[in-house]
Each structure stands twice: as structure tokens, then as C-alpha cells.
Amino acid sequence: MSCCAVCGSMKATPTIECLNKDTTTMRITCLRLPMCLVLSLVCVSAARAADDEPLPAAATTGGRPLMEVLRDRKSTREYTSAPVSREQLANLLWAGFGVNRPATGQRTAPCTMNLRTIDIYVAATDGVYRYDADGHRLVVISRQDVRVLTGGQDYVKTAPLALLYVADQAKLEKVAEHERAFYSAADAALIAENVYLYCASAGLGCVIHMPGDRAALATALGLRSEQRVVLAHTVGHPAP
Ligand SMILES: Cc1cc2nc3c(=O)[nH]c(=O)nc-3n(C[C@H](O)[C@H](O)[C@H](O)COP(=O)(O)O)c2cc1C
């Protein structure tokens, strides 16, 4: 809702009545305009908060021994449609590229020049989210199920989740342009291996693959031109 800049009433443009108000009214209305601005900011903040979904704290102790997990790591291409629990999703994302050193904000996977170029997007049955690692929460991107766009094989339709590793190449300005794709691919692959290991540890299945239709995904995710979907990573419960 906009305010008249002259009298502060709830109309978009001033009229002659606005200019006829006495000085007392004008003083009151001087206060109205900033109040409108404050109210608008409160409304915007509330809308943003409504678009964030907190995640349970990641379980950062325990789990299966590393050597056993490496023994079990593999790609899975047949899934049930059973959902991945919120706790497992929180652990999966933290394992992939969560903050493991809060004092510096550094992550569970190494990354080019510590630039944290990759964002993990989550394509789920009920929408698309971006993992905000610093806040360990999901930011709602859309309420569309775009899993079918994430790859060309049938498993993308059955598995409940696809992670999308999106590189913001604007952050790689110090890297020669022809090298940026290599750095982005390396950053994404290191995250992917963490996700593979978490899945093996938790009894989940996953498979890394090229994204299906990068252009359609970029539109569905609302990406800027410098952002590229590098890899997709399907995750779910293995079919028996
Ligand atoms: C960059 C990359 C792209 C891949 N693309 C696909 C793919 O499009 N579809 C698929 O089913 N698997 C894909 N994979 C998974 C590999 O096929 C799989 O890792 C390989 O066959 C070895 O099997 P394992 O992961 O079970 O050891 C890809 C793996 C990598 C690293």
C-alpha cells in the first residue's frame, strides 16, 4: 500500500485537499510517511521469514565408521517414493556443504579460494528450496515439483529428492573465464562425494548425474545468468 507523499493518506498521488491541510495536520502527516515505510519493512521481513523453513540441527556426532561407509558407497537407480525425513535432509545438506567451523563459516567440503561458489537447491515433491548453510535452513524458491526436469532417467520421477549444485560464477571473477567451469565442477563434485558418503551411512540411495534441461531448470529456479546448474544428485530410499 502506498502513501501520498504530501499528506500521508493511503492514496498513491497527492490531491488539492492534501495541500489545504493546516500545519498541525502537516506535522502529523510528516510522521505518517515514515510510519508507512516502517510498516512496509515489517511486512517485507514477515514475508521473508514465512519463506524460510528451519531445519533440525544436524547430528554431527556418531554415524557409521568411515571405512564401512566407503565400502558401501555406490550409485542407486531404483527408488521407492517414500519421503526422506526432515532430520535426514538436514544431515544430508550439512554433510554436503554445511558449516563445520562456525567461527569462520567454513564448510564440510573444500571449495575454490573459500568462495563458496556452490549453492545446493533441493527439488522436492512439494517445491524447490535453497539450502542456506549459514542459517542451516531452507529458503523457499517455488512451490512447484520440478523433479522431472532434473534428469533424463526414470528414477528422477520416483525418488523424492534431487539436489542441484548451482555455481554462481560471478564469485569466480578472479579465475580466468575459460577455467571457471572446471572450478565449478570440482566444487560441486566434492560436495557430491560428501552426500554419497552420508547416504551410504544413513541407508539412503543416491546417484549423481548431469542435469536434464539446464535452461528449463534455470528458469524454474529463478537463476541469474551467471548461475549454472553444474550437477544433479538424486536421493531417496533404495527400492528393495
Ligand atoms: C560426472 C558424472 C556424471 C554422471 N552421470 C550419470 C548419469 O547421467 N546417469 C547415471 O545413471 N549415472 C551417472 N553417473 C554415475 C556413474 O555412472 C557411476 O558413478 C559409475 O557408474 C560408477 O558406479 P558407482 O557410483 O556405483 O561406483 C555419473 C557420475 C559422474 C561422476
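Residue count for region 105-122 under the criterion of being part of a helix (DSSP H, G or I) and out of contact with any helix residue (DSSP H, G or I) (no Cβ under 7 Å at 6 or more places or on another chain): the result is 2.
Scanning region 49-104 for residues that are away from the ligand (no atom under 16 Å from the Cβ), among the basic types (Lys, Arg), outside any helix (DSSP H, G or I) and loosely packed, with under 14 Cβ neighbours inside 10 Å yields a single hit, Arg101. In region 131-170, what residues are free of Cβ contacts under 8 Å to residues at least 40 places away in the same chain and either in a strand (DSSP E or B) or more than 16 Å from the ligand (Cβ to nearest atom) (or both)? Tyr131, Asp134, Arg143, Asp145, listed by residue number.
Does Thr219 satisfy the criteria of being within 16 Å of the ligand (Cβ to nearest atom) and either β-branched (Val, Ile, Thr) or surrounded by 23 or more Cβ atoms within 10 Å (Cβ to Cβ) (or both)? The answer is no for Thr219. Filtered by the rule that a residue be within 16 Å of Leu55 (Cβ to Cβ) and of a type in the set (Val, Ile, Thr), region 98-131 gives Val99, Thr108, Ile120, Val122, Val128. Screening the candidates Ala200, Ala188, Ala192, Ala181 for the property of being assigned to a helix (DSSP H, G or I), more than 28 Å from Thr125 (Cβ to Cβ), at pLDDT 95 or above and not aromatic (Phe, Trp, Tyr) yields one hit, Ala181. A search for C-beta distances below 7 Å between a residue of region 205-229 that is in the same structural domain as Val122 (by TED's automatic domain parsing) and within 11 Å of Leu164 (Cβ to Cβ) and any residue that is away from the ligand (no atom under 16 Å from the Cβ) and of a type in the set (Asp, Glu), counting only pairs 6+ apart in sequence or on different chains, returns Gln227/Asp168.
Would you say Ala109 is in contact with a Cys (Cβ under 9 Å, 6 or more places away or on another chain), within 19 Å of Val229 (Cβ to Cβ) and within 16 Å of the ligand (Cβ to nearest atom)? Spelling it out, it is not the case that Ala109 is in contact with a Cys (Cβ under 9 Å, 6 or more places away or on another chain), within 19 Å of Val229 (Cβ to Cβ) and within 16 Å of the ligand (Cβ to nearest atom).
The values are calculated or read from the model by the stated rules, or taken from the named source; none is laboratory data. Please read these numbers as outputs of a predicted model, since none were measured by experiment. Every residue, glycine as well, gets a Cβ built from its backbone with ideal geometry; the counts of neighbours run over all protein chains shown.
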